[in-house]
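The values are calculated or read from the model by the stated rules, or taken from the named source; none is laboratory data. Remember, predicted model here, so these are calculated numbers, not experimental data. Virtual Cβ from ideal backbone geometry, glycine too; neighbours counted across all protein chains shown.
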Amino acid sequence: MQNVDMPPNHKMETCSASTNNILSSDGVLDYDALKELVMNLGADDVGFVDVDRASMTDQKRGLENVFPAAKSFISIVVRMNREPIRSTARSIANLEFHHQGEEVNTITRKVVSKLEQPGIRAQNPSMGFPLEMQNFPGKIWVISHKPAAEAAGLGKMGINRNVIHPRFGNFILLGTVAIDAHISSYDKPIDYNPCIGCKRAHLCGARQ
């Protein structure tokens, strides 16, 4: 995890955002090298999930007609600036949401581009605004980012129905990349809920 005192989008893509030595001879991605790659591309936190995990059944089913080759999920967190989100001026809050939403999409797209270099197939569903309306009134999005983030150890769902990150709190947006390779290690959900006992629901928009 990155220093929480650093502002969102403080990172520049560096020469260390490289796919060198990321893939073993048997086609497995190295956990540490992949995490470093994704962080260097701009994510504030990242976790990995096997698509065959029981909690990912619905997500795997949603990919059957889109990307059936998926073996792993890369789940990312991008922080938002707190005060704009807290603003009562809708234009200010919306600007932050939309700017950081596009940042999520930009980062996940860069991950896909980087992984294509060593031959890893990957897809990055939109952070928001799904378009699969042909499935309505069923699920109109490809991947549910919240359960993927929970499974990847990036937080727990709070009573406001948002994922609460253990360090960044409620001021985050989520993205997911599906890849057709296994990873040498996978993350596990955190064993506590940062929302329980917080008693500051008024700061993150929850309604009790």
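Conditions: (1) part of a loop (DSSP other than H, G, I, E, B); (2) surrounded by 16 or more Cβ atoms within 10 Å (Cβ to Cβ); (3) modelled with pLDDT under 95. ALA43 meets all but one. Number of the miss?
The single condition ALA43 does not satisfy is (3).
Name the residues in the stretch 147-166 that are surrounded by fewer than 17 Cβ atoms within 10 Å (Cβ to Cβ) and either at pLDDT 95 or above or closer than 25 Å to ARG53 by Cα (or both), would you?
MET157, ILE159, ARG161, PRO166
Just need a number here: residues in the stretch 138-183 that are among the aliphatic types (A, V, I, L, M) and in a loop (DSSP other than H, G, I, E, B).
Residues meeting the conditions: 7.
For the condition at pLDDT 95 or above and crowded, with 19+ Cβ neighbours inside 10 Å, what is the one hit in VAL112, VAL77?
None of the others qualify; the one that does is VAL77.
Would a scan of the stretch 49-69 turn up a residue that is surrounded by fewer than 16 Cβ atoms within 10 Å (Cβ to Cβ), assigned to a helix (DSSP H, G or I) and of a type in the set (A, V, I, L, M, F, W, C)?
Yes, the stretch 49-69 has at least one match.
Report yes if some residue within the stretch 6-21 is within 17 Å of LYS114 (Cα to Cα), surrounded by 15 or more Cβ atoms within 10 Å (Cβ to Cβ), in contact with a Pro (Cβ under 9 Å, 6 or more places away or on another chain) and at pLDDT below 95; otherwise report no.
Taking every residue of the stretch 6-21 in turn, at least one turns out to be within 17 Å of LYS114 (Cα to Cα), surrounded by 15 or more Cβ atoms within 10 Å (Cβ to Cβ), in contact with a Pro (Cβ under 9 Å, 6 or more places away or on another chain) and at pLDDT below 95.
Would you please list the contacts, defined by Cβ atoms under 8 Å and residues six or more apart or on different chains, that run from a residue in the stretch 63-84 that is without any contact (Cβ under 8 Å) to a residue 24 or more places away in the chain and more than 24 Å from GLY27 (Cα to Cα) to a residue that is surrounded by fewer than 24 Cβ atoms within 10 Å (Cβ to Cβ) and among the small types (Gly, Ala, Ser)?
Listed by first residue and then by second, the contacts come to PRO84/ALA93.
Give the residue, chosen from ASN124, ASN170, ASN193, that is buried (at least 21 other Cβ atoms within 10 Å of the Cβ) and modelled with pLDDT under 90.
Within the list ASN124, ASN170, ASN193, the selection yields ASN170.
Out of the stretch 127-146, which residues are within 16 Å of SER72 (Cα to Cα), touching a residue at least 40 places away in the same chain (Cβ under 8 Å) and either within 12 Å of the chain's Cα centre (by Cα) or exposed (fewer than 15 other Cβ atoms within 10 Å of the Cβ) (or both)?
Residues satisfying the conditions are ILE143, SER144, HIS145.
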